[in-house]
Structure formats: structure tokens, C-alpha cells
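Nothing in this text is a laboratory measurement; each read-out follows from the coordinates by a stated rule. Source: prediction; values computed, not measured. Positions of Cβ are backbone-derived with ideal geometry, glycine not excepted, and every protein chain shown enters the neighbour counts.
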Amino acid sequence: VVTTTQRVDFSMAQGSGSSIGAVYDSQQGFLVLNHDVELTAHAAAAGNRETEPVEIHAGRAEFYRDTNLCVLSTAAAQYRGDHAAAGSAQILFRDDGSAVRLEASGGLTLSTDTGGHLSAPTGSMDFDERNQPRHGRLVGGATMDSVSGARIVHGTSPIMELEFDPDGELHHAHLERGVEMRSEETSQSLVNEQSVPERLSRTWRSAVADVDFRSASQGKVEPAAIRGIGGVVITGLTQRGNAAPLPSKLAADEITGK
């Protein structure tokens, strides 16, 4: 058993890094990194076998050799411009050091530098052998936000299922048990041959919704289509310049929008 309160540099199948203070039990296969944990892992880059670094920071980490389990508290990770954070997390690894599954609690957030944001009190993520996300599940009140040009979209649902393509990009989201999505968009329109700002807001409510995503410019992923079932109500307000807002409403058992 080795104990220190000083800076520790470590290397293992899951990656290498440092911490302040550590306890290592070689017989039990148990390693505790006390605080200020920094871990650099490598994931396969999209479309090839090269690897890209994944920077992980945590307040504390525990590694269990026999079960390939890592327990993190106050954890944050950065990868290809994406950012993830959780109050606490458990990561199950394969023998080669790649991640199998992430279980997060105490608040899970996923965001990108292109304006996408997902969050929920608890959640999980499954990964393939290249450390690319394959499936995600957000529970306890999930939110989804995206910014694309002049359009802002905010969605909420008690449960959200996420599906990713082979390159780890989000391509589908399934929301259920009461879905609400709000969008705000600003553009220009002609009124009496004069250009005036036009503000459009819409609210989508349905029991269930499926959202498909597409690749956009500069590596962005944006909503492409949405389908609601179980009763859908869409309300909207359109305002041109200083004129009074014009309301609209559409309702049907099932609606598909692009």
C-alpha cells in the first residue's frame, strides 16, 4: 500500500495524468486519486484509426483494476470542441482502455462549441470500441437547446433517448411523456416596400416526439425534421415591425415538420 499527499503522475490502460495525493493498494487493485485529477485519454478520430485526446478533470477519482471501473466526482471532459460535465460519474472500461458505458448523476450536461446543449439530472451513455458514443439516455427532466443562425430552439421532456452515427455525431432524439419545444427566429420582411424585422415564435406540444438531425456547415449538427404522435398542438406568434402580433394554431393527431 502506497500513500502520498504530493503530486502524483500515473499511467494506465485508460490513460495518463496527474493528481494531488493518492492511495494505491497493489494487492486489491485499488487506486484513489485524492483531488485535482487530470487524465488524458485517447479516442479514435472520426473516419479513421487515428486518436484524439480526451481531457478529463475531476475533484476525485477511484480506479478498480479487477472490474475496470472508474468513479469520478465533479467531473468534466473536453473532446473535439465538445464538453461534458457531471456531479458524479461511473465509467466502465474494456481491457484495452476504451470506454463501455458512462453512468452520471448529480446533473449531466453535454454541449458543443457550435451552440448545442443537452442536460438532465441523471443520464447514461454507451460507447463503441473507438470511444465513440452510440446511445444515450437522459432522465428526470431533459432539456435540449440549439442555436443555428437567427434561430433558437429549446426543448424539454421527462425522458430523452439519443442515437449517434458511426462517427459519434448526434442523428436522432426520441422524447416522450410530454414534450414541449419552443423556437424563436428573427428575420427581415417587406412591409410597404420597407424592410422591417419579423419575429416568429412557435411552441410545439405533443405526447411523443422524434427529432432527426443533419450535418451543417463547420461541423455543426442541426435539427432536420420532427414528428409528433399522440396529439400535437403547435401555436405561433408572428410580429412584423411594430405591428400587433398575429397568432396561429395547428392541431392534429400526428404532425411531421421539416
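Evaluate the Kirkwood expression for the hydrodynamic radius of segment 169-229, namely the inverse of the mean inverse distance over all pairs of different C-alpha atoms, and round to one decimal in Å.
The Cα-based Kirkwood calculation yields 13.8 Å.
Tell me the label-point distance for the pair Val2, Tyr64, using the 7 Å Cα-to-Cβ offset, in nm and rounded to one decimal.
With each label point 7 Å from Cα toward Cβ, the separation is 2.3 nm.
Å³ per residue of the Cα convex hull, for segment 32-181?
Values: hull volume 15.5 nm³, N = 150.
Per-residue hull volume (Cα only) is 103 Å³.
Tell me which of Ala76, Pro223, Gly15 sits at the most positive position along the dipole axis of the chain, charges placed on C-beta atoms (Lys, Arg +1; Asp, Glu -1).
Pro223
To the nearest 0.05, how large is the calculated FRET efficiency for Asp212 and Leu246 if R₀ is 30 Å and r is the Cβ-Cβ distance?
With R0 = 30 Å, the Cβ-Cβ based efficiency is 0.55.
In whole Hz and in residue order, list the ³J(HN,Hα) couplings for segment 85-92 that follow from phi through the Karplus curve 6.51 cos²θ - 1.76 cosθ + 1.60, θ = phi - 60°; x for Gly and Pro.
8, 8, x, 8, 8, 10, 10, 9
Could you work out how much longer the chain between Asp253 and His35 gets when fully extended? Use 0.36 nm per residue separation minus the Cα distance between them, nm to one decimal.
Extra length from Asp253 to His35 when fully extended: 73.1 nm.
If R₀ is 41 angstrom, what is the calculated FRET efficiency for the pair Arg199 and Ser73, using the beta carbon separation as r and rounding to 0.05? Don't skip to the answer; put the middle values down first.
Numbers: r = 44 Å, r/R0 = 1.07.
Approximately 0.40, to the nearest 0.05.
Report the Cα centroid-to-centroid distance between segment 1-25 and segment 144-171 in angstrom, as an integer.
If we compute the Cα centre of each part, the gap is 37 Å.
Using the Kirkwood formula over every pair of different C-alpha atoms, what hydrodynamic radius in Å results for segment 124-193?
14.1
Relative contact order, percent, of the chain when contacts are C-alpha pairs under 8 Å separated by at least 6 residues?
Reported as a whole number, the value is 9 percent.
Using θ = phi - 60° and the Karplus relation 6.51 cos²θ - 1.76 cosθ + 1.60, list the HN-Hα couplings for segment 125-132 in order, rounded to whole Hz, with x at every Gly or Pro.
So the Karplus estimates, Gly and Pro as x, are 9, 9, 10, 8, 5, 9, 6, 8 Hz.
Report the charge-dipole magnitude of the chain in Debye, nearest 20, computed about the Cα centre from +1 at each Lys and Arg Cβ and -1 at each Asp and Glu Cβ.
Details: 22 positive and 34 negative charges, 155 e Å.
About 740 debye.
Once the chain is represented by equal point scatterers at the alpha-carbon sites, with solvent omitted, what log10 I(q)/I(0) does the Debye formula produce at q = 0.11 Å⁻¹?
Debye intensities relative to I(0), on a log10 scale: -0.69.
Among Thr67, Ser26, Ser111, pick out the residue whose Cα is farthest towards the positive end of the charge dipole of segment 1-146, where Lys and Arg carry +1 and Asp and Glu carry -1 on C-beta, about the Cα centre.
Most positive-ward Cα: Thr67.
Which whole-Hz couplings ³J(HN,Hα) result when phi for each residue of segment 117-123 is put into the Karplus expression 6.51 cos²θ - 1.76 cosθ + 1.60, θ = phi - 60°, listed in order with x for Gly and Pro?
Going residue by residue, I get 8, 10, 7, 6, x, 9, x Hz, with x marking Gly and Pro.
Efficiency by 1/(1 + (r/R0)^6): what FRET value for Glu185 and Gln90, r their Cβ-Cβ distance, R0 = 51 Å, to the nearest 0.05?
It comes out at approximately 0.80.
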